[in-house]
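The values are calculated or read from the model by the stated rules, or taken from the named source; none is laboratory data. Everything numeric here is computed off the predicted structure, so don't read it as measured data. Quick reminder, even Gly has a Cβ in these numbers, built from the backbone with ideal geometry, and neighbours come from all protein chains shown. Side chains included, ligands, DNA and RNA excluded: accessible areas come from the protein's heavy atoms. Shrake-Rupley method; radii C 1.70, N 1.55, O 1.52, S 1.80 Å.
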Amino acid sequence: MYKKLFHLVLFILISISVRAQAAVILQYHHVSETLPAVTSVSANTFTEHLSYLKEHNFNVIPLNELISALQQGETLPDKTLAITFDDGYNNNYEQAAPILEKFGYPYTIFVNPKLIDEGMSYVMGWDKLKELSKKGALIANHSGQHDYLHLKLENETDAQWQSRIKQDILNSQKRIKEEIGHNYKYLAYPYGEFNNELQALVTELGFVGIGQHSGAVNKDSNFSRLPRFPASGFYSKLEALITKLNSRAFNITNLTYQDSVTQQNPPTLTIEFKMGDFHKSQFACYVSSVGQADLKWITKNTVEITSPKVLNKGRSRFNCTAPSISSPGDYFWFSQPWVIEASKP
(Lines give C-alpha, C1' and ligand atoms only; values in the text may rest on other atoms or scores of the structure.)
Protein backbone atom coordinates (compact mmCIF):
# COMPACT_ATOMS: atom_id res chain seq x y z
CA MET A 1 0.00 0.00 0.00
CA TYR A 2 2.74 2.45 1.00
CA LYS A 3 4.69 1.60 -2.14
CA LYS A 4 1.68 2.38 -4.32
CA LEU A 5 1.09 5.63 -2.46
CA PHE A 6 4.75 6.61 -2.88
CA HIS A 7 4.60 6.00 -6.63
CA LEU A 8 1.35 7.98 -6.91
CA VAL A 9 2.83 10.97 -5.07
CA LEU A 10 6.00 10.76 -7.16
CA PHE A 11 3.96 10.63 -10.37
CA ILE A 12 1.93 13.70 -9.35
CA LEU A 13 5.08 15.65 -8.48
CA ILE A 14 6.68 14.75 -11.81
CA SER A 15 3.51 15.77 -13.65
CA ILE A 16 3.40 19.13 -11.87
CA SER A 17 7.10 19.68 -12.64
CA VAL A 18 6.58 18.87 -16.35
CA ARG A 19 3.70 21.35 -16.55
CA ALA A 20 5.55 24.09 -14.66
CA GLN A 21 8.57 23.91 -16.94
CA ALA A 22 6.45 24.14 -20.10
CA ALA A 23 5.16 27.22 -21.87
CA VAL A 24 3.40 28.31 -25.04
CA ILE A 25 4.35 30.96 -27.61
CA LEU A 26 1.61 32.41 -29.82
CA GLN A 27 2.27 33.78 -33.31
CA TYR A 28 0.25 36.45 -35.10
CA HIS A 29 0.76 38.46 -38.29
CA HIS A 30 -2.10 40.88 -39.05
CA VAL A 31 -4.81 42.26 -36.80
CA SER A 32 -7.06 43.36 -39.64
CA GLU A 33 -10.34 42.59 -41.42
CA THR A 34 -9.14 43.78 -44.84
CA LEU A 35 -5.87 41.85 -45.32
CA PRO A 36 -5.46 38.15 -46.29
CA ALA A 37 -7.64 36.06 -43.99
CA VAL A 38 -5.09 33.23 -43.84
CA THR A 39 -2.67 35.40 -41.81
CA SER A 40 -5.17 37.77 -40.17
CA VAL A 41 -7.30 37.97 -37.07
CA SER A 42 -9.94 40.64 -36.49
CA ALA A 43 -9.65 43.11 -33.63
CA ASN A 44 -12.72 41.52 -32.03
CA THR A 45 -11.27 38.02 -32.23
CA PHE A 46 -7.89 39.21 -30.96
CA THR A 47 -9.67 40.86 -28.01
CA GLU A 48 -11.52 37.58 -27.43
CA HIS A 49 -8.18 35.72 -27.28
CA LEU A 50 -6.71 38.14 -24.75
CA SER A 51 -9.90 38.17 -22.69
CA TYR A 52 -9.69 34.39 -22.39
CA LEU A 53 -6.08 34.67 -21.21
CA LYS A 54 -7.06 37.24 -18.60
CA GLU A 55 -10.16 35.40 -17.39
CA HIS A 56 -8.26 32.13 -17.02
CA ASN A 57 -5.23 33.59 -15.27
CA PHE A 58 -2.56 32.96 -17.89
CA ASN A 59 0.89 34.21 -16.99
CA VAL A 60 1.70 36.36 -20.06
CA ILE A 61 5.38 37.35 -19.93
CA PRO A 62 7.97 38.88 -22.30
CA LEU A 63 9.55 36.42 -24.70
CA ASN A 64 13.05 37.05 -23.33
CA GLU A 65 11.94 36.08 -19.81
CA LEU A 66 10.30 32.90 -21.10
CA ILE A 67 13.30 31.79 -23.17
CA SER A 68 15.81 32.68 -20.46
CA ALA A 69 13.88 30.69 -17.85
CA LEU A 70 13.73 27.62 -20.08
CA GLN A 71 17.39 27.83 -21.02
CA GLN A 72 18.36 27.98 -17.35
CA GLY A 73 15.98 25.17 -16.38
CA GLU A 74 13.99 27.43 -14.07
CA THR A 75 10.47 26.59 -12.96
CA LEU A 76 7.83 28.72 -14.67
CA PRO A 77 4.40 29.45 -13.22
CA ASP A 78 1.59 27.35 -14.63
CA LYS A 79 -0.04 28.64 -17.85
CA THR A 80 2.96 30.72 -18.91
CA LEU A 81 2.71 32.25 -22.38
CA ALA A 82 4.37 34.79 -24.70
CA ILE A 83 2.76 36.70 -27.59
CA THR A 84 4.63 37.38 -30.84
CA PHE A 85 4.00 39.07 -34.19
CA ASP A 86 5.90 38.55 -37.43
CA ASP A 87 6.81 41.22 -39.99
CA GLY A 88 5.96 44.46 -38.14
CA TYR A 89 2.92 45.45 -40.19
CA ASN A 90 1.32 48.84 -39.64
CA ASN A 91 -1.82 47.20 -38.24
CA ASN A 92 0.28 45.92 -35.33
CA TYR A 93 0.66 49.58 -34.33
CA GLU A 94 -2.85 50.71 -35.27
CA GLN A 95 -4.92 47.72 -34.10
CA ALA A 96 -2.93 45.24 -32.01
CA ALA A 97 -0.87 47.54 -29.77
CA PRO A 98 -3.83 49.48 -28.26
CA ILE A 99 -5.58 46.20 -27.41
CA LEU A 100 -2.46 44.71 -25.85
CA GLU A 101 -1.87 47.91 -23.89
CA LYS A 102 -5.43 47.75 -22.55
CA PHE A 103 -4.75 44.26 -21.18
CA GLY A 104 -1.25 45.16 -20.01
CA TYR A 105 0.32 42.30 -21.94
CA PRO A 106 3.93 42.34 -23.20
CA TYR A 107 4.66 41.15 -26.74
CA THR A 108 7.42 40.75 -29.33
CA ILE A 109 7.51 42.01 -32.93
CA PHE A 110 9.92 40.31 -35.35
CA VAL A 111 10.93 42.82 -38.02
CA ASN A 112 12.85 43.00 -41.33
CA PRO A 113 15.27 45.95 -40.97
CA LYS A 114 16.16 46.21 -44.67
CA LEU A 115 12.49 46.62 -45.59
CA ILE A 116 12.13 49.28 -42.90
CA ASP A 117 15.22 51.14 -44.12
CA GLU A 118 13.85 51.03 -47.68
CA GLY A 119 10.67 52.73 -46.45
CA MET A 120 8.22 49.99 -47.42
CA SER A 121 4.78 51.43 -46.70
CA TYR A 122 3.18 48.26 -45.31
CA VAL A 123 5.58 47.93 -42.37
CA MET A 124 6.15 50.19 -39.39
CA GLY A 125 9.03 52.64 -39.51
CA TRP A 126 11.62 52.88 -36.77
CA ASP A 127 9.72 55.77 -35.16
CA LYS A 128 6.64 53.64 -34.46
CA LEU A 129 8.75 50.70 -33.33
CA LYS A 130 10.64 52.96 -30.92
CA GLU A 131 7.34 54.20 -29.53
CA LEU A 132 6.09 50.66 -28.97
CA SER A 133 9.39 49.53 -27.46
CA LYS A 134 9.15 52.33 -24.88
CA LYS A 135 5.77 50.89 -23.91
CA GLY A 136 7.28 47.44 -23.40
CA ALA A 137 7.30 45.77 -26.82
CA LEU A 138 10.37 43.69 -27.61
CA ILE A 139 11.75 44.15 -31.15
CA ALA A 140 13.62 41.19 -32.62
CA ASN A 141 15.14 39.78 -35.80
CA HIS A 142 13.18 38.36 -38.75
CA SER A 143 16.06 38.65 -41.27
CA GLY A 144 16.80 41.61 -43.53
CA GLN A 145 14.05 41.33 -46.09
CA HIS A 146 12.13 38.10 -45.41
CA ASP A 147 14.04 35.85 -47.81
CA TYR A 148 14.01 32.05 -47.67
CA LEU A 149 17.21 31.86 -45.66
CA HIS A 150 17.93 28.18 -46.34
CA LEU A 151 17.89 28.59 -50.14
CA LYS A 152 21.16 28.94 -51.99
CA LEU A 153 21.47 31.25 -54.99
CA GLU A 154 22.28 29.80 -58.38
CA ASN A 155 25.87 28.49 -58.42
CA GLU A 156 26.36 29.66 -54.81
CA THR A 157 28.75 27.48 -52.77
CA ASP A 158 28.06 26.40 -49.22
CA ALA A 159 30.69 28.85 -47.97
CA GLN A 160 29.21 31.73 -49.98
CA TRP A 161 25.71 30.93 -48.72
CA GLN A 162 26.91 30.81 -45.13
CA SER A 163 28.71 34.15 -45.48
CA ARG A 164 25.68 35.82 -47.08
CA ILE A 165 23.18 34.59 -44.48
CA LYS A 166 25.54 35.33 -41.60
CA GLN A 167 25.87 38.91 -42.86
CA ASP A 168 22.08 39.19 -43.27
CA ILE A 169 21.39 38.06 -39.69
CA LEU A 170 24.14 40.14 -38.08
CA ASN A 171 23.38 43.30 -40.10
CA SER A 172 19.71 43.01 -39.19
CA GLN A 173 20.64 42.62 -35.53
CA LYS A 174 22.94 45.64 -35.77
CA ARG A 175 20.17 47.85 -37.20
CA ILE A 176 17.72 46.83 -34.46
CA LYS A 177 20.30 47.62 -31.80
CA GLU A 178 21.13 50.98 -33.40
CA GLU A 179 17.52 52.09 -33.76
CA ILE A 180 15.78 50.46 -30.78
CA GLY A 181 18.56 49.49 -28.40
CA HIS A 182 17.37 45.88 -28.18
CA ASN A 183 19.87 43.10 -28.76
CA TYR A 184 17.90 39.94 -28.05
CA LYS A 185 19.48 37.25 -30.19
CA TYR A 186 16.29 35.66 -31.42
CA LEU A 187 15.69 34.92 -35.10
CA ALA A 188 12.19 34.10 -36.32
CA TYR A 189 12.70 32.15 -39.53
CA PRO A 190 10.90 33.77 -42.51
CA TYR A 191 7.99 31.54 -43.58
CA GLY A 192 8.94 29.29 -40.67
CA GLU A 193 11.36 27.42 -42.93
CA PHE A 194 14.76 26.12 -41.81
CA ASN A 195 17.11 23.25 -42.53
CA ASN A 196 20.00 21.60 -40.70
CA GLU A 197 22.59 24.00 -42.12
CA LEU A 198 20.61 27.08 -41.14
CA GLN A 199 19.99 25.75 -37.64
CA ALA A 200 23.72 25.10 -37.22
CA LEU A 201 24.58 28.62 -38.41
CA VAL A 202 22.02 30.23 -36.09
CA THR A 203 23.41 28.26 -33.16
CA GLU A 204 27.00 29.17 -34.10
CA LEU A 205 26.03 32.87 -34.05
CA GLY A 206 24.55 32.47 -30.56
CA PHE A 207 20.94 32.99 -31.67
CA VAL A 208 17.75 31.19 -30.73
CA GLY A 209 15.89 30.03 -33.86
CA ILE A 210 12.10 30.31 -33.80
CA GLY A 211 9.73 28.65 -36.26
CA GLN A 212 6.04 28.64 -37.14
CA HIS A 213 5.33 24.96 -36.44
CA SER A 214 2.99 24.24 -33.56
CA GLY A 215 3.82 22.91 -30.12
CA ALA A 216 4.61 23.85 -26.56
CA VAL A 217 8.17 24.51 -25.32
CA ASN A 218 10.16 23.36 -22.31
CA LYS A 219 13.75 23.19 -21.10
CA ASP A 220 14.43 20.18 -23.34
CA SER A 221 13.29 21.97 -26.51
CA ASN A 222 15.74 22.47 -29.36
CA PHE A 223 16.58 26.19 -29.16
CA SER A 224 17.47 26.33 -32.84
CA ARG A 225 13.85 25.47 -33.75
CA LEU A 226 11.43 26.59 -31.05
CA PRO A 227 7.78 26.10 -32.02
CA ARG A 228 4.94 28.63 -31.85
CA PHE A 229 1.21 28.12 -32.17
CA PRO A 230 -0.19 30.18 -35.09
CA ALA A 231 -3.30 32.01 -33.85
CA SER A 232 -4.49 33.72 -37.04
CA GLY A 233 -6.74 32.73 -39.93
CA PHE A 234 -8.00 29.17 -39.68
CA TYR A 235 -6.25 28.81 -36.31
CA SER A 236 -7.95 31.83 -34.71
CA LYS A 237 -11.09 30.01 -33.53
CA LEU A 238 -11.04 30.19 -29.75
CA GLU A 239 -12.37 26.67 -29.19
CA ALA A 240 -9.40 25.16 -31.03
CA LEU A 241 -6.93 27.65 -29.58
CA ILE A 242 -7.90 26.76 -26.00
CA THR A 243 -6.54 23.22 -26.44
CA LYS A 244 -3.23 24.64 -27.66
CA LEU A 245 -3.02 27.19 -24.85
CA ASN A 246 -3.21 24.34 -22.36
CA SER A 247 -0.79 22.06 -24.20
CA ARG A 248 2.44 20.58 -22.91
CA ALA A 249 5.76 19.77 -24.52
CA PHE A 250 6.87 16.17 -24.90
CA ASN A 251 10.17 15.46 -23.18
CA ILE A 252 12.21 14.41 -26.21
CA THR A 253 15.72 13.02 -25.74
CA ASN A 254 16.48 12.45 -29.42
CA LEU A 255 14.93 13.57 -32.71
CA THR A 256 16.17 11.93 -35.92
CA TYR A 257 15.31 12.86 -39.50
CA GLN A 258 17.16 13.54 -42.74
CA ASP A 259 16.39 17.27 -42.88
CA SER A 260 13.38 19.59 -42.53
CA VAL A 261 13.95 20.67 -46.13
CA THR A 262 14.25 17.38 -47.97
CA GLN A 263 13.86 15.38 -51.16
CA GLN A 264 13.04 12.27 -49.11
CA ASN A 265 9.37 11.64 -49.85
CA PRO A 266 7.66 10.48 -47.81
CA PRO A 267 9.97 11.71 -45.03
CA THR A 268 10.64 9.69 -41.89
CA LEU A 269 10.91 10.98 -38.33
CA THR A 270 12.11 9.07 -35.26
CA ILE A 271 11.39 10.38 -31.75
CA GLU A 272 12.92 9.06 -28.53
CA PHE A 273 10.99 10.15 -25.43
CA LYS A 274 11.44 10.38 -21.73
CA MET A 275 8.19 8.48 -21.15
CA GLY A 276 6.00 10.06 -18.52
CA ASP A 277 2.51 11.46 -18.38
CA PHE A 278 0.99 9.78 -21.47
CA HIS A 279 0.23 6.31 -22.78
CA LYS A 280 1.88 5.00 -25.97
CA SER A 281 -1.49 3.65 -27.08
CA GLN A 282 -2.89 7.19 -27.15
CA PHE A 283 0.02 8.75 -29.04
CA ALA A 284 -1.06 9.71 -32.58
CA CYS A 285 0.43 11.67 -35.48
CA TYR A 286 -1.29 13.31 -38.41
CA VAL A 287 0.12 14.36 -41.77
CA SER A 288 -1.00 17.56 -43.50
CA SER A 289 -3.55 16.82 -46.26
CA VAL A 290 -3.02 13.07 -45.82
CA GLY A 291 -4.42 11.95 -42.47
CA GLN A 292 -3.10 9.62 -39.82
CA ALA A 293 0.59 8.77 -39.96
CA ASP A 294 2.04 5.27 -39.71
CA LEU A 295 3.67 4.58 -36.33
CA LYS A 296 6.21 1.89 -35.49
CA TRP A 297 7.44 1.62 -31.90
CA ILE A 298 11.07 0.53 -32.21
CA THR A 299 11.61 0.40 -28.44
CA LYS A 300 9.35 1.22 -25.51
CA ASN A 301 10.53 4.85 -25.71
CA THR A 302 11.21 5.28 -29.44
CA VAL A 303 8.74 5.64 -32.29
CA GLU A 304 9.28 5.89 -36.05
CA ILE A 305 6.76 8.05 -37.91
CA THR A 306 6.10 7.99 -41.65
CA SER A 307 3.43 9.22 -44.03
CA PRO A 308 1.33 6.51 -45.69
CA LYS A 309 1.43 8.54 -48.91
CA VAL A 310 3.90 10.64 -50.87
CA LEU A 311 3.56 14.31 -49.87
CA ASN A 312 2.93 17.23 -52.20
CA LYS A 313 5.87 19.49 -52.97
CA GLY A 314 6.24 22.44 -50.61
CA ARG A 315 5.32 22.76 -46.94
CA SER A 316 3.84 19.97 -44.90
CA ARG A 317 3.79 18.81 -41.27
CA PHE A 318 3.60 15.88 -38.93
CA ASN A 319 1.52 16.91 -35.90
CA CYS A 320 1.82 14.52 -32.95
CA THR A 321 -0.32 14.59 -29.82
CA ALA A 322 -1.15 12.53 -26.75
CA PRO A 323 -3.59 13.25 -23.91
CA SER A 324 -2.16 13.85 -20.47
CA ILE A 325 -2.85 11.13 -17.91
CA SER A 326 -2.70 13.37 -14.86
CA SER A 327 -4.65 16.32 -16.30
CA PRO A 328 -7.64 15.23 -18.41
CA GLY A 329 -8.26 17.65 -21.27
CA ASP A 330 -4.60 18.66 -21.62
CA TYR A 331 -2.52 17.41 -24.53
CA PHE A 332 1.15 16.93 -25.25
CA TRP A 333 1.92 18.41 -28.67
CA PHE A 334 4.82 18.23 -31.12
CA SER A 335 5.06 19.33 -34.75
CA GLN A 336 7.68 18.51 -37.37
CA PRO A 337 7.68 20.92 -40.34
CA TRP A 338 8.73 19.75 -43.79
CA VAL A 339 9.56 21.46 -47.04
CA ILE A 340 9.42 18.76 -49.71
CA GLU A 341 11.69 19.54 -52.65
CA ALA A 342 11.56 18.03 -56.13
CA SER A 343 14.12 15.29 -56.68
CA LYS A 344 17.13 16.38 -58.71
CA PRO A 345 17.49 14.71 -62.11
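Looking across LEU201, LEU187, LEU205, LEU241, one residue alone is more than 18 Å from ALA23 (Cα to Cα), of a type in the set (A, V, I, L, M, F, W, C) and in contact with a strand residue (DSSP E or B) (Cβ under 8 Å, 6 or more places away or on another chain). It is LEU187. Among the residues of segment 315-325, is any of a type outside the set (A, V, I, L, M) and farther than 21 Å from PRO227 by Cα? Checked against the condition, which is being of a type outside the set (A, V, I, L, M) and farther than 21 Å from PRO227 by Cα, segment 315-325 yields no hits at all. Within this structure, SER214 passes the test of being touching a Pro at 6+ places or on another chain (Cβ under 7 Å) and of a type outside the set (Val, Ile, Thr).
For GLU193, state whether it is of a type in the set (Asp, Glu), under 30 Å from VAL60 (Cα atoms), surrounded by fewer than 23 Cβ atoms within 10 Å (Cβ to Cβ) and in contact (Cβ under 8 Å) with a residue 60 or more places away in the chain. When the stated conditions are applied, GLU193 passes them. Filtered by the rule that a residue be within 23 Å of the chain's Cα centre (by Cα) and free of Cβ contacts under 8 Å to residues at least 12 places away in the same chain, segment 88-108 gives a lone residue, GLY104. Residues satisfying the criterion are absent from segment 261-284 (criterion: under 30 Å from VAL41 (Cβ atoms) and either of a type in the set (S, T, N, Q) or touching a Lys or Arg at 6+ places or on another chain (Cβ under 9 Å) (or both)). With the condition kept exactly as written, say whether any residue in segment 239-250 is farther than 26 Å from ILE325 by Cβ and not small (Gly, Ala, Ser). No, segment 239-250 contains no residue that is farther than 26 Å from ILE325 by Cβ and not small (Gly, Ala, Ser).
Could we say that PHE103 is closer than 18 Å to ARG175 by Cα and of a type in the set (Phe, Trp, Tyr) here? Spelling it out, it is not the case that PHE103 is closer than 18 Å to ARG175 by Cα and of a type in the set (Phe, Trp, Tyr).
In the condition set (1) within 15 Å of the chain's Cα centre (by Cα); (2) open to solvent by 50 Å² or more (accessible area, probe 1.4 Å), GLY211 is compliant with all but (2). Against the condition touching a strand residue (DSSP E or B) at 6+ places or on another chain (Cβ under 9 Å), farther than 22 Å from PRO323 by Cβ and part of a loop (DSSP other than H, G, I, E, B), how does SER221 come out, does it pass? Taking the combined requirement at face value, the residue does not satisfy it. For segment 217-240: of the residues being at pLDDT below 95 and among the hydrophobic types (A, V, I, L, M, F, W, C), which is most open to solvent (accessible area, probe 1.4 Å)? Only one residue tops the list, namely PHE234. Given the criteria hydrophobic (A, V, I, L, M, F, W, C), open to solvent by 10 Å² or more (accessible area, probe 1.4 Å) and closer than 17 Å to HIS150 by Cα, does ALA200 qualify? Answer is yes for this residue.
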